[in-house]
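A short worksheet on the structure shown next.
Read the figures in this text as sums done on the coordinates, not as results from a lab. Because the structure is predicted, anything quoted here is derived from the model rather than measured. Glycine gets a Cβ as well: all are built from the backbone with ideal geometry, and neighbour counts include every protein chain shown.
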Amino acid sequence: MLDIRDLQAKVGGGNDILKGINLAVKAGEIHAVMGPNGSGKSTLAQVLAGNPAYEVTGGSATFDGRDLFGMQPEERAQAGLFMAFQYPVEIPGVSNAYFLRSAYNEIRKAHGEEEVDPLEFLDIMERNLALVDMDQSMLQRSVNAGFSGGEKKRNEILQMAVLRPRLAILDETDSGLDIDALRIVAEGVNKLRRPDNATIVVTHYQRLLNHIVPDFVHVLSAGRIVKSGGKELALELEEKGYDWLETPAEAVA
Amino acid sequence: MSSSIENLVNREYKFGFVTDIEADTIPAGLGEDTVRAISAKKHEPAWLLDWRLKALRRWTTMKEPHWGNVRYEPIDYQDQVYYSAPRTAKPLGSMDDVDPKLREAYDKLGIPLKEQQVLAGVAVDAVFDSVSVGTTYREQLAKLGIIFCSLGEAVREHPDLVRKYLGTVVPYSDNFYASLNSAVFSDGSFVYVPPGVRCPMELSTYFRINAANTGQFERTLIIADTGAYVSYLEGCTAPKRATNQLHAAVVELIALENATVKYSTVQNWYAGDEEGRGGIFNFVTKRGKCAGANSKISWTQVETGSAITWKYPSVILQGDNSVGEFYSVAVVNHHQQADTGTKMLHLGRNTRSNIVSKGISAGQGNNSYRGRVFVGPKAAGARNYTQCDSMLIGNRCGAHTFPYIEVGNDTAQVEHEASTSKIGEDQIFYLQQRGISKENAVSMIVAGFCKDVFKELPMEFALEAQQLLGITLEGSVG
């Protein structure tokens with residue numbers, strides 16, 4: 001589904017943050033990308049989603065066979081790539097319902113499907129609201145405006161549930177969440193798991209991985225994947241921290 | 001990103017066509033002869049000619065105001081045409097008598113002048129250059145005693161009403177442009193709603209400047225008698241021309257005891273090209289008087305066009321407990337300049353006013369909010385709330401706020417809130433990441449910013465306003 005080869009990227013005019021990432025994700029898989037602060041894991045998520053503040057300086061990525069970096073951010077979204085933001089953005093005056101229906105219809109249009117009207121969409125929303133333990137009142141509120149940290153993250157998962165992406169990238173979705181919100185978010189993600197979709201969980205801590213169990217764990221350090229393994233690697237990191245990995249980085253990579 | 005921001009603003013002005021129609025025009029220039037000629041063409045009574053001449057004499061002693069935060073080359077008032085009318089063989093008996101070319105022009109504008117109006121439920125008066133070309137629905141309104149016609153007709157058929165109210169809110173000596181208008185006004189709309197009558201439909205005027213080098217000086221007078229209600233919509237367009245055209249209109253609203261007047265404008269005069277050549281100078285005086293107790297006047301405006309906008313729809317809150325409202329969205333792009341806002345003059349007790357202004361600046365546009373809140377010594381318990389927000393798109397535009405507050409009664413409460421924000425690249429990316437194109441993302445963010453004003457517009461107008469906003473800003477983000 002996603003095939004990343006020797007990816008290098010930077011922010012603005014700075015030095016490369018990603019220095020050659022190789023990663024392949026297949027349908028049905030959950031991958032966790034872990035690493036200390038500054039290792040480049042959020043950059044990886046932003047670059048895949050197409051944030052214009054980041055620049056790809058080398059390497060390639062294909063998404064279902066298409067050249068990912070040749071696509072606009074909205075084209076990537078329409079092709080089924082979804083990123084749950086670490087800091088969801090507030091859009092005052094635009095209702096959540098209107099925003100989500102617009103997004104839903106844009107994606108349908110891109111697939112040659114008919115747009116749904118507000119009433120049909122309300123049905124779709126009702127089915128999904130329960131998944132993240134939210135009620136209908138949030139549909140009329142402005143997108144993320146005045147939401148608590150937990151509400152914002154749940155709103156991200158709600159969007160993911162409604163848009164049903166092929167590939168979901170969760171960018172530090174656990175940051176700033178209390179344990180209850182963490183559980184709601186994780187359960188939402190688990191319920192959305194299907195054989196034909198895949199998830200990349202970007203996180204600093206192991207605790208989210210108690211709820212969302214990954215098939216693969218990759219450790220990022222200084223812009224490279226320095227170690228890959230199964231879910232037990234996350235536990236090992238929890239126990240030993242990241243320090244023990246940094247010295248042999250070159251050898252492992 | 002900022003170069004991309006510029007790409008979104010560049011779409012053609014689609015109302016820029018010129019209609020080739022035979023016109024009856026008074027030669028350029030302004031003097032007593034011009035005023036007498038206009039008055040004679042309109043077969044006006046002596047009192048009105050006298051009023052026009054007083055205005056002209058006053059005007060010749062006045063100086064063009066330059067306190068606005070706008071810049072332009074001097075206007076040669078002797079080089080303007082002050083009267084131009086489509087030439088018709090006979091007076092219009094019905095809508096079917098309207099010149100087909102004129103009808104075609106209005107069709108292009110999407111203005112229904114015939115049966116469609118029955119469906120639309122909007123009564124329309126259309127002013128083409130200087131004269132009113134037809135008023136629909138008149139009979140239905142007449143059954144309720146509502147008068148909706150051109151001002152010229154009102155002068156002939158309801159002279160007492162016109163004479164009683166004309167110039168009582170905006171006197172002929174009010175300001176440079178109002179005096180000019182008083183001297184040479186050609187036509188406009190007149191509305192009178194009798195006591196206790198609620199006008200059952202939105203009344204609407206569509207203004208169109210067609211002839212070259214012609215100024216449009218329409219004058220609108222709306223009176224809601226005791227306990228009456230009326231909602232009035234105004235829309236405007238003009239052809240694309242390389243030279244600037246002057247538009248100096250006057251609108252007077254009068255609300256007697258317990259009456260309400262709601263006045264909505266979507267202004268889309270030609271704004272000039274990307275380099276700032278051509279476009280309309282929109283120098284307009286709009287004012288309402290809440291003459292009776294418990295009356296209410298509400299202005300809603302969406303200003304997307306004109307090279308320069310200079311207008312301050314205001315309310316004189318004379319009656320006790322009267323309410324004044326001003327909801328405004330002003331958008332400037334390319335080299336457009338807008339200096340707009342309101343004046344709320346609290347004279348009566350417990351008068352209230354509410355001001356919501358949303359300014360959006362893109363390209364090299366310059367947007368100023370100018371507002372005055374005045375509370376007189378007798379206005380005990382007066383309250384004002386002002387909210388004034390600016391949004392910047394790109395790095396070369398400007399937003400300014402000039403609030404003036406004078407309070408002469410210490411029981412009054414006046415609040416002013418202001419904010420300035422840049423449209424966020426993070427907001428645009430967030431919407432794009434959900435599958436929404438950059439252009440639609442900008443439209444959505446801007447519409448959200450303007451929501452408090454759009455919700456005050458009648459439904460069909462709100463949609464038009466939102467689309468217009470999208471078109472005006474297209475290319476401002478790329």
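Quick one: net charge of B:Ser39's neighbours, Cβ under 14 Å, K/R +1, D/E -1? Present the calculation step by step, with values, prior to reporting the outcome.
On the way: positive: B:Arg36, B:Lys41, B:Lys42, B:Arg52, B:Lys54, B:Arg156, B:Arg219; negative: B:Glu32, B:Asp33, B:Glu44, B:Asp50, B:Asp187.
Charge balance in the 14 Å sphere: +2.
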| message | Take A:Ser60 and B:Leu463, extend 7 Å from each Cα along the Cα→Cβ direction, and tell me the distance between the two endpoints in nm. | response | 4.7
| query | All other residues with a Cβ under 10 Å from the Cβ of B:Ala28 taken together, and with Lys, Arg as +1 and Asp, Glu as -1, what is their net charge? | reply | -2
| field | Beta bridges per DSSP with both ends in segment A:130-253, % antiparallel, nearest 5 | value | 50
| Förster-model FRET efficiency, 51 Å R0, A:Asp123 and A:Asn22, C-beta, rounded to 0.05 | 0.75
| said: Per-residue Cβ counts within 10 Å, from other chains only, averaged over A:136-149: what number is that? | reply: 1
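Enter the mean number of other protein chain beta carbons within 10 Å of the beta carbon of each residue in A:85-95, as an integer.
Values: counts 4, 0, 2, 2, 10, 5, 10, 8, 12, 9, 2.
Shielding by partners across A:85-95 averages 6.
Tell me, what is the percent relative contact order of chain A, built from C-alpha pairs under 8 Å that lie six or more residues apart? Present the calculation step by step, with values, prior to reporting the outcome.
Details: 457 pairs, mean separation 68.6, N = 253.
Averaging sequence separation for qualifying contacts and normalising by length gives 27 percent for chain A.
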| request: With label points built 7 Å along Cα→Cβ from the Cα atoms of B:Asp33 and A:Glu238, find their separation and express it in nm. | output: 9.7
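Express as a percent, rounded to the nearest 5, the fraction of DSSP beta bridges in the protein assembly as shown (both residues included) that run antiparallel. Write down the numbers at each step before the final one.
Values: 36 of 179 bridges.
DSSP beta bridges in the protein assembly as shown are roughly 20 percent antiparallel.
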| If you count, for each residue, the other Cβ atoms within 10 Å and average over each peptide, how do A:189-199, A:207-217, A:33-43 line up from highest to lowest? | A:33-43, A:207-217, A:189-199
| Cα→Cβ-extended label distance, 7 Å offset, between B:Ala142 and B:Phe402, nm | 4.7
| field | Share antiparallel - DSSP beta bridges, segment A:2-252, percent rounded to 5 | value | 55
| said: Cut-off 17 Å, label point 7 angstrom out along Cα-to-Cβ of A:His211: give me the residues of segment A:127-157 whose amide nitrogen falls inside. | reply: A:129-135, A:148-157
| said: Sort B:324-333, A:58-67 by packing, meaning the average of other beta carbons within 10 Å per residue, with the highest value first. | reply: B:324-333, A:58-67
| field | Set of segment B:267-289 residues, backbone N closer than 17 Å to the point 7 Å along the Cα-Cβ line of B:Lys164 | value | B:289
